[in-house]
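The values are calculated or read from the model by the stated rules, or taken from the named source; none is laboratory data. These numbers were taken from a predicted model, which means no experiment stands behind them. Because the Cβ atoms are built from the backbone with ideal geometry, glycine has one as well, and the counts that use them run over all protein chains shown.
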Amino acid sequence: MPGELRPVYGPRRGRNAQETKARRREWWHYLVAIGLLVGLVGLVWGGYAIWFSLTHVRTSYARVSAFVVSLAAKTDTRVQSIPVRTGDLVKKGQIVAILDKADLEARVEQAKAALEAAKSALHRAETELEMTKRQAAAAIAQAEAELAAARARLVEAKAQLEMHTRQHRNEVEKARAELARLKAGPRSQEIAQARADVRAAESELAKATASLRRMEKLHRQGAVSAQALDAARTDKEVAEATLASARQQLSLLEAGSRPEDIAAAEAALAVALAKSYEGQMMRQEIATREAEVRRAEAMLQTALSRKKEIALKEQDVLACRAAVTQAQAELESASARLADAVLRSTTDGVVVRGPGRSVHEGEVVGKGEPIVTIASTDRPLWINAGVTELAVAKVKAGQPVIIRLDAFPRRKFTGKVTKVGKATTFSADASSPWQLQQVPLKISLKISLDAKDPRIIPGMTCRVWIDIRK
């Protein structure tokens, strides 16, 4: 029928069959080559796995650890706010929790008021001390001046009395001697002496007269000056006066004592004896001056006694200073407690769950109870791992390790064993991440990382292989 499809027979069909068989053989060759390649890779991988298992020890569990800082309240208080959450990265000095500050602020204000009151009391005490010192110094100076003046007046009065006593004694003795002389009359020796004095005066007058005549003659001749002539005249006049006085004294001695002279001498003695009342008045004045000295000494002792008042004032100042120091310490303590109400991170790190209960805003926490726990990223991180007691003999400090974090399974990190535990412990089996099983007889290891990587966060789980060849 026209348009009907019919099977093709003949030479064309034979060629297609041959081509199909050739393709099948080619595919078989490919499959055999691939199988051989896979087998070779599997053999190599298996050999590498056997070699790796013989030269490396895998830990049973491993977790990234860090230096942990727990921030807690220093007193029982209420948590006002916690601006960070678990897993947040924090910087050093960042606020991580704020505690109730109302009571602390009130205590700070009270401490400030107490400090101001203590400073005011100290200022008053110091002012009173300075005023007391000035007053005491002025009083002592005045008392010392008055005592010095009183002693000077007393010394002067005693000196006047002593001088008056000597003068009075001399006057009385002189008056008595004069009266006795007048009553006894002149002695022959005195008359002879007076006559000798007259003769001596006459001789001197004769010499002076002769000298004057000689000088007048020489002056007329121009041999001497007028001054020399005047001096000669003066010498003559002196000699004449001396002679007249000597003759008068001789005349009195030769005439003897007159009654009126004796009466005058007796009157002079009576006057001298009557002057003794002046000495009595001076003694009274000395007694008065001594009383003034005693009063001045008493005033000085009173002024000096104010030093005790100064000592008491100084003790008051010391007590006020101690009160200021105590108030300052209380203010600093209250301010420190107020500052402690704002918890700040002491290190760069990440907020982690602490060992205690979770604290929330508004809750009351006790003294020392952790509120926020931070794993430090400033310090080097390390890995806590464990091996069985069968493998611990192969592990030594300093051996290199290969680390693969579960968070970055395709990235390999390196490190080394820094510490091998000395006792067995119980640890969580890493093969069961959802259920914690207690596996006994594990030896703890501490592994350090060769390089710091910001992507590694404390708490991450990982797998660790220890190269035991070294």
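Is it the case, given these coordinates, that GLU292 is surrounded by 13 or more Cβ atoms within 10 Å (Cβ to Cβ), in a helix (DSSP H, G or I), charged (D, E, K, R) and touching a Lys or Arg at 6+ places or on another chain (Cβ under 9 Å)? Outline the logic, then answer.
On the way: surrounded by 13 or more Cβ atoms within 10 Å (Cβ to Cβ): yes; in a helix (DSSP H, G or I): yes; charged (D, E, K, R): yes; touching a Lys or Arg at 6+ places or on another chain (Cβ under 9 Å): yes.
When the stated conditions are applied, GLU292 passes them.
State whether the residues of the stretch 203-223 include one that is without any contact (Cβ under 8 Å) to a residue 24 or more places away in the chain, more than 30 Å from GLU278 (Cα to Cα), over 60 Å from the mean Cα position of the chain (by Cα) and not in a helix (DSSP H, G or I).
Let us first name the residues in the stretch 203-223 that are without any contact (Cβ under 8 Å) to a residue 24 or more places away in the chain, namely 203, 206, 210, 213-223.
Of the ones still in play, those that are also more than 30 Å from GLU278 (Cα to Cα) are 203, 206, 210, 213-223.
Applying the additional criterion that residues be over 60 Å from the mean Cα position of the chain (by Cα) yields 203, 206, 210, 213-223.
Those left that are additionally not in a helix (DSSP H, G or I): 222-223.
Checked against the condition, which is being without any contact (Cβ under 8 Å) to a residue 24 or more places away in the chain, more than 30 Å from GLU278 (Cα to Cα), over 60 Å from the mean Cα position of the chain (by Cα) and not in a helix (DSSP H, G or I), the stretch 203-223 yields at least one hit.
From the list VAL365, VAL350, pick out the single residue that is under 30 Å from ARG404 (Cβ atoms) and either outside the structural domain of GLY93 (by TED's automatic domain parsing) or over 39 Å from the mean Cα position of the chain (by Cα) (or both). Lay out the reasoning, then the answer.
On the way: VAL365 fails: under 30 Å from ARG404 (Cβ atoms).
It is VAL350.
Could you please let me know if ALA385 is in contact with a strand residue (DSSP E or B) (Cβ under 7 Å, 6 or more places away or on another chain) and within 15 Å of SER444 (Cβ to Cβ)?
Yes; evaluated as a whole, the condition is true for this residue.
Determine which member of the set LEU269, LEU300, LEU243 is part of a helix (DSSP H, G or I) and either free of Cβ contacts under 8 Å to residues at least 60 places away in the same chain or of a type in the set (Asp, Glu) (or both). First the steps, then the outcome.
Working: LEU269 fails: either free of Cβ contacts under 8 Å to residues at least 60 places away in the same chain or of a type in the set (Asp, Glu) (or both); LEU300 fails: either free of Cβ contacts under 8 Å to residues at least 60 places away in the same chain or of a type in the set (Asp, Glu) (or both).
Going through LEU269, LEU300, LEU243 in turn, the sole match is LEU243.
In the stretch 49-81, which residue that is surrounded by 15 or more Cβ atoms within 10 Å (Cβ to Cβ), in a loop (DSSP other than H, G, I, E, B) and not β-branched (Val, Ile, Thr) is nearest to the chain's Cα centre (by Cα)?
Among them, the one singled out is ALA73.
Tally time: how many residues in the stretch 86-126 are more than 28 Å from GLU314 (Cβ to Cβ) and not acidic (Asp, Glu)?
First pass over the stretch 86-126, keeping only residues more than 28 Å from GLU314 (Cβ to Cβ): 86-110.
With the extra rule that they be not acidic (Asp, Glu), the set shrinks to 86-87, 89-99, 101-102, 104, 106-108, 110.
So the answer is 20.
Mind checking which pairs have a first residue in the stretch 45-69 that is over 18 Å from PRO400 (Cα atoms) and touching a residue at least 60 places away in the same chain (Cβ under 8 Å) and a second that is of a type outside the set (Ser, Thr, Tyr) and not in a strand (DSSP E or B), Cβ under 6 Å, 6 or more apart or different chains?
Listed pairs, sorted by first residue: ALA66/LEU381; ALA66/PRO458; PHE67/ARG379.
Inspect all residues belonging to the stretch 438-454 and state whether any of them is loosely packed, with under 15 Cβ neighbours inside 10 Å, farther than 19 Å from VAL57 by Cβ, more than 52 Å from the chain's Cα centre (by Cα) and modelled with pLDDT under 85.
yes
Residues to consider are ALA106, ALA139, ALA117; find the one that is part of a helix (DSSP H, G or I) and closer than 13 Å to ALA323 by Cα.
Numbers: ALA106 fails: closer than 13 Å to ALA323 by Cα; ALA139 fails: closer than 13 Å to ALA323 by Cα.
The match here is ALA117.
All but one of (1) among the acidic types (Asp, Glu); (2) in contact (Cβ under 8 Å) with a residue 60 or more places away in the chain; (3) more than 26 Å from VAL79 (Cα to Cα) hold for GLU330, so report the exception by its number.
(3)
Could you tell me which of the residues GLN189, GLN227, GLN167, GLN221 is out of contact with any helix residue (DSSP H, G or I) (no Cβ under 9 Å at 6 or more places or on another chain) and surrounded by 12 or more Cβ atoms within 10 Å (Cβ to Cβ)?
Only one candidate passes the filter, namely GLN167.
For the structure I just gave you, tell me whether ALA263 is exposed (fewer than 15 other Cβ atoms within 10 Å of the Cβ), among the small types (Gly, Ala, Ser) and not assigned by TED's automatic domain parsing to the domain that holds ALA180. Steps first, answer last, please.
On the way: exposed (fewer than 15 other Cβ atoms within 10 Å of the Cβ): yes; among the small types (Gly, Ala, Ser): yes; not assigned by TED's automatic domain parsing to the domain that holds ALA180: no.
In short, no.
Under 6 Å by Cβ, and 6 or more places apart or on different chains, what pairs join a residue from the stretch 158-172 that is outside the structural domain of GLN280 (by TED's automatic domain parsing) with one that is part of a helix (DSSP H, G or I) and surrounded by 11 or more Cβ atoms within 10 Å (Cβ to Cβ)?
Partner pairs satisfying both residue conditions: none exist.
Look at ALA323 and say whether it is modelled with pLDDT under 90 and among the small types (Gly, Ala, Ser).
no
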